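Working notes, beginning with the structure itself.
Where a number appears in this text, it was derived from the coordinates with a stated rule and is not lab data. Everything numeric in this text was worked out from a predicted model, so none of it was measured.
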Amino acid sequence: MANNKSIEEQVEDIAKNWLKDLNIKYYTKTDSINTEIEEALKKAPSKAGGKGTIIRI
């Protein structure tokens, strides 16, 4: 069976493993980094004219 993982996912996995090995904190796509930024994104209009971004909690 062929490997369906994209090159981007492979690079991301390698980078995450390096950071983990070096004990460097990293954030995933859905991790909360800063509540002030999250609140601003919720209130800001989107480029397509929407009401703002949906933040996953």
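Taking the alpha-carbon distance from LYS20 and a cut-off under 19 Å, which aspartates and glutamates remain once sequence neighbours fewer than 8 residues away in the same chain are dropped? Filter leaves GLU8, GLU9, GLU12, ASP31. Residue-wise HN-Hα couplings along the range 13-28, as the Karplus relation 6.51 cos²θ - 1.76 cosθ + 1.60 with θ = phi - 60° gives them from phi, are 4, 4, 4, 4, 5, 4, 4, 5, 4, 8, 6, 9, 5, 9, 10, 7 Hz; Gly and Pro carry x.
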